[in-house]
Structures are given as structure tokens and as C-alpha cells.
Amino acid sequence: MTFSLVGRCARTGMLGAVVTTSAISVGARCPSARAGVGAALTQHRTDPRLGPLALDLLAKGLTAGEAMQAVVTATPHRHWRQLALIDAAGRTAVHSGANVRGEKGEAQGRDCAAIANIVRSATLPGAMVAAFEKSPDLPLARRLLDALEAGEAAGGERQPVVSAALLVVHRESFPYVDLRVDDHARPIAELGRLW
């Protein structure tokens, strides 16, 4: 019931995440990002502690793959978790536990990784990655939104989505962009309008 993508702008070093789901307030619990460190997503049986934990590990010098392995090993109910991670160098890692329900998928591309569960097609993450990679000269926030729109166009969720979030970090300790649509009939379009 969620699809999302983490991404990095190779030109600026910005990092970010975008996500949508059929539950309210997805931005409060799924995406995490830290300037100069990385971005993370946790979904399915979401544990909001996992994103910050992954970022702490990246800050200590672990790669995305190493941090993902450590997070997956440390978390209870790992078979119910779906996670995506990108580090400051653009390396990515994904995890989809064996118990993640419904059509699910994951895809990794240049400076990005997408994950999805309980969606209409397992190919949805690939469509998101392709959209993100298409225009590397656009602002990172726009590329993340393009990826979310591509996921919706590729079939989206089985239930109507109601919330969406866009998070981008740059040089400061606070977000460069932090937009959330907590409950809306067309959250992806509304997120784009806010941007």
C-alpha cells in the first residue's frame, strides 16, 4: 500500500525521498534524510526508528549496503519490513522481507532506489527509477515528484492514496524541502502543487 523512492542529485549533493500511501500522514513516519549523509525509507510494517538508525550508521562511515545489512539484522520483524537507503556517494540498498504482502517490487538505478508494496504491478519501482533518471539537470525535488507521478501512472496502489511527502536536504541541519500532504483525495497532485 506504499510506493516511494530515495534519490541523490550528483550535481548538488542534495539527498531526498518521496513517498505516497493509502494511510494518512505518511510523511511523519516513513522518510528520513540528513544533509551530507543519506536518505532512508521504511514502509510496510513501518518502524520510524529505522530511518534515523540507518542514517546514524552512514554518518559513521558505513556504505548504504553495510548500513542496510546492520539495520535488517538489528530489527525485529525484519521479514515484515521494506526499506530503501541511499548514501552521500549515491550508493543504494533495498530490503523487502519475505512477509511483505501483495504485489511488491524494488529497483535500483543511478543515484536512486525505489520500493513498493501492495501495488498493482511489481514493475512500478522500475518506472519510478526510469522517471528519476530521465532528467538529471532538473532540481532534485522535481525529479522525486516525477518519480512519484510515474509510479502512479504505472498502476499505483490497489487502494486510493491519501497522503504523500517530499523531503530534500542540502547543506544545513534542517530540510531544504519538507512538504507533506496528510489527507487528500489527490495527494500526489497536491504535493506537486505545493512544490
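Among the residues of the range 10-31, those identified as open to solvent by less than 10 Å² (accessible area, probe 1.4 Å) and of a type in the set (Ser, Thr, Tyr) are THR20, THR21. Scan the range 60-78 and tell me whether some residue there is in contact (Cβ under 8 Å) with a residue 40 or more places away in the chain, touching an Asp or Glu at 6+ places or on another chain (Cβ under 9 Å), small (Gly, Ala, Ser) and closer than 19 Å to PRO31 by Cα. Within the range 60-78 (the criterion being in contact (Cβ under 8 Å) with a residue 40 or more places away in the chain, touching an Asp or Glu at 6+ places or on another chain (Cβ under 9 Å), small (Gly, Ala, Ser) and closer than 19 Å to PRO31 by Cα), the answer is no, since none of the residues qualifies. Taken over the range 54-68, the criterion of being part of a helix (DSSP H, G or I), out of contact with any helix residue (DSSP H, G or I) (no Cβ under 6 Å at 6 or more places or on another chain), of a type outside the set (D, E, K, R) and closer than 14 Å to THR92 by Cα is satisfied by LEU55, ALA64, GLY65, MET68.
Taken over the range 139-195, residues that are in contact with a Cys (Cβ under 7 Å, 6 or more places away or on another chain) and of a type in the set (Val, Ile, Thr) amount to 0. Counting only strands (runs of 3 or more DSSP E) that sit wholly inside the range 100-190, those with at least 3 residues that are open to solvent by 60 Å² or more (accessible area, probe 1.4 Å) and touching a residue at least 12 places away in the same chain (Cβ under 8 Å) are 104-109. The single residue among SER163, SER121 that is at pLDDT 95 or above and among the polar types (S, T, N, Q) turns out to be SER163. Taken over the range 54-79, the criterion of being surrounded by 14 or more Cβ atoms within 10 Å (Cβ to Cβ), more than 21 Å from GLN108 (Cα to Cα) and of a type outside the set (D, E, K, R) is satisfied by ALA59, THR75.
Contact map, the range 21-39: residues that are under 16 Å from SER173 (Cα atoms) and among the hydrophobic types (A, V, I, L, M, F, W, C) paired with residues that are open to solvent by 30 Å² or more (accessible area, probe 1.4 Å) and not in a loop (DSSP other than H, G, I, E, B), Cβ distance under 8 Å, separation 6+ or inter-chain. Pairs shown: VAL37/ALA59; ALA39/ARG8.
The values are calculated or read from the model by the stated rules, or taken from the named source; none is laboratory data. None of the values given here were measured: they were computed from a predicted structure. Heads up, the Cβs are rebuilt from the backbone with ideal geometry, glycines too, and the neighbour counts pull from every protein chain shown. Ligands, DNA and RNA are stripped out before the accessible areas are found, and what is left, the full protein with its side chains, is counted by its heavy atoms. Shrake-Rupley method; radii C 1.70, N 1.55, O 1.52, S 1.80 Å.
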